[in-house]
Every structure is written in C-alpha cells, then in structure tokens.
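What follows is a single structure, written as structure tokens, with notes after it.
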Amino acid sequence: MITTQSAAEAPDETSVHHLLGAFQRFQGQNERMTSQLIVDHGVGAVELRALLTLRVHGEMTLTRLGQLLCQIPSTITFLADRLEKAGYLARRPNPTDRRSLLVSLTSEGREVVADIWERYRVLFSTVVDRDDVGRLTRVFDDLSAAIPVEATR
C-alpha cells in the first residue's frame, strides 16, 4: 500500500541515503549469489526465475510462464528448449487446448530448485524472522509499486 507521509514523518535525507546504500549492497550481493547459482546449475538468470516460478505455481502453459516472467513467446520457447535440453523441464500436450503445451519441472529440475530454495532459506533464516519476512515483503512490494509512479513525475 503506497501512502504519502507528512514532512515530519518522512525519513530524513541521511536516512534515505543509508537505506538506498543498504539496498544497493543487498542487490549487489544477491546478484553475486545468483551468478554462483547460474554457474552451479548451468542456467541463465531468466531460466533460474522460470524454474523458481514453476516450483511456486506448478505446471502451466508456456504462455502463462511467459506472462509471469514478462517475456515474449519466442523468448519463452527458446528458454523452454534450453531447460528441456538440460533435463530440468518437461513439456506435454495440454489436454484442454490442443494448440498449447504444458510445462513442468522434471525430478532433476525439482532437485535444482530445492538446492536454490534451501540456499535462500538458510540465508534468510540467519538474518530475519517470520514477522520480518512479512514486513519486508510488504515494504518491497510497496517500493516496487511506487517506483514507476515516481519515475514518471
């Protein structure tokens, strides 16, 4: 939920500077971790997101996967080809729509995702508790919603 604060409630310039610095350090470290996961599992960043998306949402059409990843159909088809070749993804005909295919994780794909999930679980569990996770999720969601609004001002 985006709220506008009065000048008295808003963080001061120094606090915003420190917060932005901390966020940028987090982004940099997360990119390093993602890069290591990419090396460890032989997939790219978008493929990594696709595997995690399939873990959370389960079997789906390529079209739906493309929507969730904000990727165009040709990119998703190419991505699915690479993940299938790596043994992480399986495709099958969609029984309710002959024009589309359903994609899901293979057992090897589930193992890869389990490793990735466990690394993040360990990371987060050493720093934040359940209440923090909920609060941070809301803050990041609110910031994500506010950035496009602020960027167009």
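Derivation of every value follows stated rules applied to the coordinates shown; laboratory data play no part. For clarity, every value in this text was computed on a predicted model and none was experimentally measured. Counting neighbours? That spans all protein chains shown, and the Cβs are built from the backbone with ideal geometry, glycine included.
Please compute the length gained on full extension between Ala145 and Thr63, using 0.36 nm multiplied by the number of residues separating them and subtracting their Cα-Cα distance. Before the final figure, lay out the partial values.
Working: separation 82, 0.36 × 82 = 29.52 nm, distance 2.42 nm.
My answer for the length gained is 27.1 nm.
Give the calculated FRET efficiency between Glu108 and Ser15 to the nearest 0.05, with a Förster radius of 41 Å applied to their Cβ-Cβ distance.
Details: r = 46 Å, r/R0 = 1.13.
According to the calculation, E is roughly 0.35.
Quick check for me: using +1 on Lys/Arg Cβ and -1 on Asp/Glu Cβ, what's the dipole size of the stretch 44-151 about its Cα centre, in debye to the nearest 20? Don't jump to the answer; show the numbers that get you there.
Details: 15 positive and 15 negative charges, 91 e Å.
Computed about the Cα centre, the dipole is about 440 debye.
Summarise the long-distance tail of P(r) for the stretch 44-151 by giving the % of C-alpha pairs beyond 23 Å. Mind showing how you got there, number by number?
Values: 2353 of 5778 pairs.
The answer is 41 percent, as a whole percent.
In percent, how large is the relative contact order of the stretch 44-151, given Cα pairs closer than 8 Å and 6 or more residues apart?
Numbers: 83 pairs, mean separation 24.9, N = 108.
Once normalised by length, the contact order is 23 percent.
Quick one: Leu123, Leu62, fewest Cβ neighbours within 10 Å first, how do they rank? Don't skip to the end; give the middle numbers.
Values: Leu123 13, Leu62 19.
Least crowded to most crowded, the residues run Leu123, Leu62.
Rounded to the nearest 0.05, what FRET efficiency is calculated for Val39 and Val127 with R0 set to 25 Å and r the Cβ-Cβ distance?
Working: r = 24 Å, r/R0 = 0.95.
The computed FRET efficiency comes out at 0.60.
Identify which of Leu68, Leu48, Leu79 has the largest mean-square fluctuation in a Gaussian network model of the chain, with springs joining Cα atoms closer than 10 Å.
Leu68
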